[in-house]
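The values are calculated or read from the model by the stated rules, or taken from the named source; none is laboratory data. Just so we're clear, the structure is a prediction, and the values are computed from it rather than from any experiment. Here the Cβ positions follow ideal geometry from the backbone for every residue, glycine too, while neighbour counts run over all protein chains shown. All accessible areas refer to the heavy atoms of the entire protein, side chains included, with ligands and DNA or RNA removed. Shrake-Rupley method; radii C 1.70, N 1.55, O 1.52, S 1.80 Å.
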Amino acid sequence: MGVSLRAEQLAARLKPGEPLSSLYTVTGDEALLVIEAMDALRAAARAAGHLEREVVVADARTDWTTVLAGTQSMSLFGERRILELKLPGGKPGKSGGDVIARLAADCGTKPPGTADCITLVMLPRIDKTGRATPWFTALAAHGVVVEVPTIDRNALPDWIGLRLAAQQQRARGPVLQWMAERVEGNLLAAHQEIQKLGLLYPEGDLSLEQVQDAVANVARYDVFTLRDAMLAGDATRVVRTLDGLRAEGEALPLVLWAVGEEIRLLARLAEARAQGQNLSALMRSLRFFGPRERLAEQVLDRVAPNAWPAAVRHAHEVDKMIKGLSVPGRLADPWHEITRLALRLAARPSRQTPRRPPRPAA
């Protein structure tokens, strides 16, 4: 019977004396948290006497017959080992999928604590389609799947606070927010900065001055971070992300694609809403799901319906500027115009004090 766990639940399953499953699958996109989960599983397996380790990095082009032969030879000698199967792309192909399903079924025949070989499968985050494949279904049915969460920007300050608490240090909300801005999109670097604070300062409260002296600006930005900031209406983060993308040498056409494509999709949604169409069905067809769907609805409430055609034209004009053409009425630097374009989505309408009705004459 398969078991699904979140990464934070894993430690409770790996207490000394607890029998280990013969198969674990770790899936997620946060490299630091995936590494930590794999380290914990590896340490538990070694404590249980699995001292030899075999690592296989594979994809759809791998000779999977060799992989299968290797796993079978291990079991013939009865040695207590760890087999790590890493699929960085998350797609083993037809032959790989067949081998993984067969390997998972074999692991499923061994009761917890009895297997000579513990198999650890490491995958990126698998989408809904990938989870429906026979090979992933077999992994989930015959072993333990450890789900590694993605730490989004809103959750990052709390995550930093928990990591500081683990080393007996504390910081107030503004300090945690400041740190989050400096390490956004780079959880490995965030972990290193937190460890640095543990080495530099004693247990207890950390001041903003102490953290500013110690923490480097190691934030990493991508166009998806920019998209999320626009949808969330976080103008400060939009500007900071664009500055970061520019400093990192990101290609202008890619940045414009992220901003412009989001504007075009939202313009379609705004038009459909104005015409009384089924917005939920259109959102699904345009791949707006979960948090992104909720944020899109907020944008449509925030931006006036008649503002979308001008935003689409603005995106076309920025494209001309990137291609070296002059556009009257626009700033000379296309990065500045992309910033103005992105802020069309992020800017919140100013609150105007409602006029009071005139008092009746006495």
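Here are a few things to note about the model shown:
- Verdict on THR236 being buried (at least 16 other Cβ atoms within 10 Å of the Cβ), among the polar types (S, T, N, Q) and either outside the structural domain of HIS314 (by the TED database) or at pLDDT below 90 (or both): no
- Candidates ARG246, ARG182, ARG264, ARG268, filtered to the one that is assigned to a helix (DSSP H, G or I), modelled with pLDDT under 90 and of a type in the set (Lys, Arg): ARG182
- Some residue of the stretch 217-232 being out of contact with any strand residue (DSSP E or B) (no Cβ under 6 Å at 6 or more places or on another chain), within 27 Å of LEU164 (Cβ to Cβ) and modelled with pLDDT of 90 or more: no
- Among the residues of the stretch 15-41, those that are closer than 19 Å to LYS110 by Cα and either surrounded by 17 or more Cβ atoms within 10 Å (Cβ to Cβ) or of a type in the set (Asp, Glu) (or both) comprise GLU18, LEU20, SER21, SER22, LEU23, TYR24, THR25, LEU41.
- Cβ-Cβ contacts under 6 Å between residues 6 or more apart (or on different chains), taken from a first residue in the stretch 180-198 that is open to solvent by 20 Å² or more (accessible area, probe 1.4 Å) to a second residue that is in a helix (DSSP H, G or I) and of a type in the set (Ser, Thr, Tyr), are listed as GLY185/THR225.
- Here GLN298 passes the criteria (1) surrounded by 12 or more Cβ atoms within 10 Å (Cβ to Cβ); (2) more than 25 Å from the chain's Cα centre (by Cα) except the one numbered (2).
- Taken as a whole, the condition of being modelled with pLDDT of 90 or more and open to solvent by less than 70 Å² (accessible area, probe 1.4 Å) applies to LEU252.
- Only one entry of ALA11, ALA7 meets the criterion of being assigned by the TED database to the domain that holds LEU85 and touching a residue at least 40 places away in the same chain (Cβ under 8 Å), and that entry is ALA7.
- Taken together, the residues in the stretch 241-266 that are touching a residue at least 12 places away in the same chain (Cβ under 8 Å), out of contact with any helix residue (DSSP H, G or I) (no Cβ under 7 Å at 6 or more places or on another chain) and more than 30 Å from LEU279 (Cβ to Cβ) amount to 3.
- The stretch 97-123, subset touching a Ser or Thr at 6+ places or on another chain (Cβ under 7 Å) and not in a strand (DSSP E or B), residue surrounded by the fewest Cβ atoms within 10 Å (Cβ to Cβ): PRO112
- Beta carbons closer than 8 Å, at least 6 apart along the sequence or on distinct chains, pair a first residue in the stretch 206-223 that is under 20 Å from GLN168 (Cβ atoms) and of a type in the set (Gly, Ala, Ser) with a second that is at pLDDT 85 or above and assigned to a helix (DSSP H, G or I) for SER207/VAL175; ALA214/GLU193; ALA214/LYS196; ALA214/LEU197; ALA214/LEU200.
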